[in-house]
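Participant: Before anything else, here's the structure in question.
The values are calculated or read from the model by the stated rules, or taken from the named source; none is laboratory data. For clarity, every value in this text was computed on a predicted model and none was experimentally measured. Here the Cβ is made from the backbone with ideal geometry for all residues, glycine too, and neighbour counts use every protein chain on show.
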Amino acid sequence: MALSNREIVGRGLDLLKAALKPFVEREYRRVYGEDWAKEVAEVLRGDRYSLQDPDAQALLKLMDFRWNEVFDAKLGRWGRTLVKELIEVRNRWGHQSAFSLEDAHRALDSITRLLEMIAAEEARETDRMARELLRRRYEEDARREAERRVGERAQVPNPKGLPPWREVVTPHPDVASGRYSEAEFAADLAQVHKGEAGPEYGDPEEFFRRTYLTQGLSRLLQSALKRLSGEGGDPVVELQTAFGGGKTHSMLALYHLFGGRVNPKEVPGLEDLLAQTGAGQVPVARRAVFVGTAFSPARTHPKPEGITVRTLWGEIAYQLGGVEGYRMVEAEDQTGVAPGSDVLKGLFDRYAPALILIDEWVAFLRNLYGETDLPAGTFDQNLTFAQALTEAAKRSPRTLVVASLPASDMEVGGSGGREALIRLQNVFGRLESVWQPATQDEAYEIVRRRLFLPLSEEGYRQRDAVVREFMRYYREHKGEFPSEVLEPEYERRMKAAYPIHPELFDRLYEDWSTLEGFQRTRGVLRLMAFVVHSLWTRGDPSLLILPGSLPLDAGGPRYELVRHLSRYQEGFDQVVDADIDGPNAKALILERERPILGRHQAARRVARAVFLATAPAAAGPGQAHRPKGVQGVRVKLGVAQPAESPSLFTDALKALSDRLTYFHAEGDRYWFETRPSLNRLAQDRGASLDEHEVEAEIVARLQTWAKGRPPLFRAVHVAPSGSGDVPDEPALRLVVLPPVAPYTKENSEAERLAREILERRGQAPRLYRNALLFLAAEAPSVPDLKEASRSYLAWKSILEDQEGLNLGQADVRQVEARVREASETLAKRLEEAYRYLLTFHQPDPKTPRLEIHTMRLLGSGNPLERAAIKAKNDGLVYTDWHPELMEGTLRQFGLFAAREGVLPLRWLWEALATYPYLPKLKDEEVLLGAVKKGVQEGRFGYSPEPEDSAKVFLRESVEPNLSGYLWEREKAEALVWQKKSTSVGVPTNSGTQPDATTEPSGTDKFSPPPPPPPVPKARRYYLKKELDPADLVRDASLIAEELVQHLAKEPGVRVQVVIEVQAEAPDGFSSDLQRVLRENSPHISGEFSVE
């Protein structure tokens, strides 16, 4: 018995629950440690059933409520979008709402995407269910098309007996009949490797028959032939394009070519490749395939031979050499430690030629981010393996490594994904071979070959006749169309794209492919398969398939377009229904009222062309930088055919502007959008902001913080444009680096700029290099920081322009709230981003090399304050210098010897600010305080003047200043003894110090200073702080991280932490509150009373 749509969604939610439960628990444990269960209870308080066995709703709530703290680093913005959407799906399902076939498919599609992000095995089943739903919808569409009345066709003039496209070219049988499915356009390397893919991708000959060898793919195959034949070629190839750019398809071409099942003589183009490379035959390679979304890092992977694989390197070794290959890395696989390049080279040499294909690598790595105990090893070990892999491939002459890296935020994920991408790019940047995706012109052939059977000789002649007539038509009405159509190149493009008009391709590739989730190749193929099937079934009489030809009534093409738009902005279904292609659409009513428009369906054709050209810009923020709307000449290019008057469509544009609800016009530009919301307006304004404006706001926020600089620093310099902006003075300064110079572990722009400032001031060398500390942003956090700045500036501009926008009072209140929210978000992102304190140290005074030392700031709050606390607590900067330490430093580096035992204090202060091998002091008062204590203790002498006759203070109270002089203890004692001896008439040897036989007696006898008493150690620490209940979690976390953890780690220290809560209510507690207090307090196992 067939399941209802709602029952299918319920099964999908059950699979979602099974996959999310271990993942959510693991992530909570990672962040909260032993307190993870308490955090779960806090989120789900009041729901005892969910605590015992959380369902999909509870698990999604646990993710949503702790997104920033727990899940953002791995899943990012796109992951949260999916979680929010699935919460709504679960609510609809729980309230017994009905699900249309489209609703059910979208729900399963979103479940699958989320499960793939966490590498859950359940994703395969939800994907199968989604594809089955899609197949059912295709069958319903085909049935509706068969029943549709042919009398609804547009009357398109047919000049000079030219044949319509459907009489010249024939779709592939699966496209013409509507039997295609999403899977048939979805290249899945894992399914092909497992033998589970359909013949379009699983059968080598069928795959190459439908594959167009682009220039980039041909170069890739040529290089691979050379490499695996031992004749050169690139050892490592990185494939990086936007979502759907052909990365996986290129890997499949490599997989099939070197699998031993392809006869090059039977595949057009392959025989030429062999000839060009000089290879006599295609080598058969050992192939290892790794797809990151299909290999769970949280599970082990047993094999039929009885071994269990845990890691990426274990899986590759097993696929290359079976059990024997695995044994070569078994120790590293079991311990999660990356094998060295020598081990990998031995593996590759033994099983050469070896082809290693790695897809969705970033997706795999981001699930390891922050983890320490997963079977697949740690994040850092996997990146170490990446470096060893590339080095080994380079040294093994018949080994090729091909890896795909994402270029879109949706594929990258959160900060964990961004960190993985940055690190992988650094690794591959050393060895990569540049691979080029298909050009837009090559995409024509890719789509044409997949959708249509080859043209016959007669078909080519008819195609050329149609194209010539279009070119003549464009020249005849050259002022009505874009100037590009008059170029000979456009004629060539029309022939290459036939039977699809190039304008339709341009809109799909230039506009729609910018939407996350709409893949450049697969998305176009799927959409055009819908379009071709619908038009073929309806008997479309057009000469070409144009943007105005797209049927947007209920059915395939409309659903395919709207589902991508609705991920960004809901309401486009209503736009299409109300204005374009619904049963009572205003464009249809307009055609009934004006027969001249209705005869050619001119209003609907124009509306479709405008919708196709402008809907992505209205929905997706990635298009907001472009001018709004589409020009009239381009609209006419997307609808007009020979023998039709272009003025007909000019009239249609004017009529649509007057009548349609969601159709907008400004001058000669036209667009569709849903009713403009303030959110949409803010996104548009934010996207239009110049990058410098965004960064300037961040810098302004930092400068505001700098005005209340911490007392530790003499000055704070924010975002210097160059080294000349930082003064060269002997005073401790903090330099806050701009957001364009963030810190990364490798190739750090922050380190480069900091070294530049440290070494020079403008064109002159910097003298006081030991007086600078640097604060830098964390690279993975900078995109979110800039996005927060962009959002704040956008909302602020709307508030400032409220009169011009004619905002009502309710809108103004909403904007004011959003400005406050955006400002708070920006402040929080600043706190989160500026986490790295950088300082430089010179290990050897004899060599000029400086080593960077980085510290990550913990906690929250003003980063400048946290930097000051960190610098003080970790001993980077002394605010109190003990005389004993000072004496040891002066002797260690020979400073007394350099000045014959007498140091001018101003010279010493400047030396401390100059040489990075010396300690950093807060200011000169720290130095003078150490001198004062040292003189009192008899460690140094001090004099206002340098001459021997000057008064030297030793073991006396003194108020030193920088104009005075510091005396080495022995020299000060000698001078003091000499003055005392002279005053009582005691003879001296050479007027300096008594020898061994002449010794003063009585009270005049000079005794050496007693050894300094040991510095008493503190034995007790006590802290009492009143916490604001609103900031309880933050402040308690700060105390735990900055104080309690350090005390607990010290051997022999007993730590006791007592939490005391006092609450009073003059009017008494409510009964509900009393019940909560009495029920919850016993579970905390502490003393309590309610009086």
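Participant: Of the residues that make up the range 730-742, is at least one β-branched (Val, Ile, Thr), assigned to a loop (DSSP other than H, G, I, E, B) and assigned by TED's automatic domain parsing to the domain that holds Leu830?
Facilitator: Of the range 730-742, the ones β-branched (Val, Ile, Thr) are 735-736, 740.
If we keep only those that are assigned to a loop (DSSP other than H, G, I, E, B) too, we end up with 740.
Remaining after also requiring assigned by TED's automatic domain parsing to the domain that holds Leu830: 740.
Checked the range 730-742: at least one residue is β-branched (Val, Ile, Thr), assigned to a loop (DSSP other than H, G, I, E, B) and assigned by TED's automatic domain parsing to the domain that holds Leu830.
Listed here are the residues, each with its yes/no results for (1) buried (at least 16 other Cβ atoms within 10 Å of the Cβ); (2) part of a loop (DSSP other than H, G, I, E, B); (3) in contact with a His (Cβ under 9 Å, 6 or more places away or on another chain).
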{"position": "Glu824", "(1), (2), (3)": "no, no, no"}
{"position": "Pro843", "(1), (2), (3)": "no, yes, no"}
{"position": "Pro848", "(1), (2), (3)": "no, yes, no"}
{"position": "Ile852", "(1), (2), (3)": "yes, no, yes"}
{"position": "Gly861", "(1), (2), (3)": "no, yes, no"}
{"position": "Glu865", "(1), (2), (3)": "yes, no, no"}
{"position": "Glu884", "(1), (2), (3)": "no, no, no"}
{"position": "Gly888", "(1), (2), (3)": "no, no, no"}
{"position": "Glu910", "(1), (2), (3)": "yes, no, no"}
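Participant: Continuing with this model, one more query. Before we move on, is Gly686 buried (at least 21 other Cβ atoms within 10 Å of the Cβ) and touching an Asp or Glu at 6+ places or on another chain (Cβ under 7 Å)?
Facilitator: On the way: buried (at least 21 other Cβ atoms within 10 Å of the Cβ): yes; touching an Asp or Glu at 6+ places or on another chain (Cβ under 7 Å): no.
For Gly686, the condition - buried (at least 21 other Cβ atoms within 10 Å of the Cβ) and touching an Asp or Glu at 6+ places or on another chain (Cβ under 7 Å) - is not met.
Participant: For the range 351-386, which residues satisfy the criterion of being touching a strand residue (DSSP E or B) at 6+ places or on another chain (Cβ under 8 Å) and surrounded by fewer than 21 Cβ atoms within 10 Å (Cβ to Cβ)?
Facilitator: Ala352
Participant: Moving to a separate point now. So Glu1042 passes all but one of these: (1) free of Cβ contacts under 8 Å to residues at least 12 places away in the same chain; (2) surrounded by 10 or more Cβ atoms within 10 Å (Cβ to Cβ); (3) closer than 27 Å to Arg856 by Cβ. Which condition number does it fail?
Facilitator: (1)
Participant: Does the range 700-719 contain any residue that is surrounded by 20 or more Cβ atoms within 10 Å (Cβ to Cβ), touching a Pro at 6+ places or on another chain (Cβ under 7 Å) and part of a loop (DSSP other than H, G, I, E, B)?
Facilitator: Yes, that holds for at least one residue.
Participant: A follow-up question, please. If Gln334 satisfies all but one of (1) surrounded by fewer than 24 Cβ atoms within 10 Å (Cβ to Cβ); (2) under 25 Å from the mean Cα position of the chain (by Cα), what's the number of the condition it fails?
Facilitator: Only one criterion is unmet by Gln334, namely (2).
Participant: Let me ask something additional. Kindly evaluate Leu114 against the criterion of being under 20 Å from Thr293 (Cα atoms), outside the structural domain of Arg1034 (by TED's automatic domain parsing) and within 22 Å of the chain's Cα centre (by Cα).
Facilitator: For Leu114, the condition - under 20 Å from Thr293 (Cα atoms), outside the structural domain of Arg1034 (by TED's automatic domain parsing) and within 22 Å of the chain's Cα centre (by Cα) - is met.
Participant: Can you go through Arg604, Arg592 and tell me which one is outside any loop (DSSP other than H, G, I, E, B), among the basic types (Lys, Arg), in contact (Cβ under 8 Å) with a residue 24 or more places away in the chain and assigned by TED's automatic domain parsing to the domain that holds Leu656?
Facilitator: Arg604
Participant: Just to verify a result, which residue in the range 546-560, among those that are part of a helix (DSSP H, G or I) and in contact with a Leu (Cβ under 7 Å, 6 or more places away or on another chain), is surrounded by the fewest Cβ atoms within 10 Å (Cβ to Cβ)?
Facilitator: Among them, the one singled out is Glu560.
Participant: Being in contact with a helix residue (DSSP H, G or I) (Cβ under 6 Å, 6 or more places away or on another chain), modelled with pLDDT of 90 or more and either in the same structural domain as Val531 (by TED's automatic domain parsing) or not polar (S, T, N, Q) (or both) narrows it down to one residue among Phe572, Phe649; which is it? Give the steps one after another, and end with the answer.
Facilitator: On the way: Phe572 fails: modelled with pLDDT of 90 or more.
After ruling out the rest, the residue left standing is Phe649.
Participant: Further question: Can we say Leu758 is in a helix (DSSP H, G or I), in contact with a strand residue (DSSP E or B) (Cβ under 9 Å, 6 or more places away or on another chain) and under 15 Å from Val694 (Cα atoms)?
Facilitator: no
Participant: Still on this structure, I have one more. For the range 790-838, what are the residues that are out of contact with any strand residue (DSSP E or B) (no Cβ under 6 Å at 6 or more places or on another chain), among the basic types (Lys, Arg) and closer than 25 Å to Arg856 by Cα?
Facilitator: Quick first cut of the range 790-838, residues out of contact with any strand residue (DSSP E or B) (no Cβ under 6 Å at 6 or more places or on another chain) only: 790-832.
Applying the additional criterion that residues be among the basic types (Lys, Arg) yields 790, 796, 813, 818, 820, 828-829.
Within the range 790-838, Lys828, Arg829 qualify.
Participant: With respect to Glu516, is the statement that it is part of a helix (DSSP H, G or I), among the acidic types (Asp, Glu) and at pLDDT below 95 true?
Facilitator: So Glu516 does not fit the description; no.
Participant: Applying the selection to the range 855-886, what residues are modelled with pLDDT of 90 or more and among the small types (Gly, Ala, Ser)?
Facilitator: Scanning the range 855-886 gives Ala867, Ala868, Ala871.
Participant: Looking at this structure, is Val931 modelled with pLDDT of 90 or more and in contact with a Lys or Arg (Cβ under 7 Å, 6 or more places away or on another chain)?
Facilitator: Criteria not met by Val931.
Participant: Quick check, is Leu75 crowded, with 22+ Cβ neighbours inside 10 Å, at pLDDT 90 or above and closer than 23 Å to Arg299 by Cβ?
Facilitator: No.
Participant: Filter the range 382-403 down to the residues that are among the hydroxyl-bearing types (Ser, Thr, Tyr) and in a strand (DSSP E or B) and list them by number.
Facilitator: Thr399
Participant: Follow-up. Determine, yes or no, whether Glu759 is charged (D, E, K, R), farther than 30 Å from Glu910 by Cβ, modelled with pLDDT of 90 or more and in the same structural domain as Ile852 (by TED's automatic domain parsing).
Facilitator: When the stated conditions are applied, Glu759 does not pass them.
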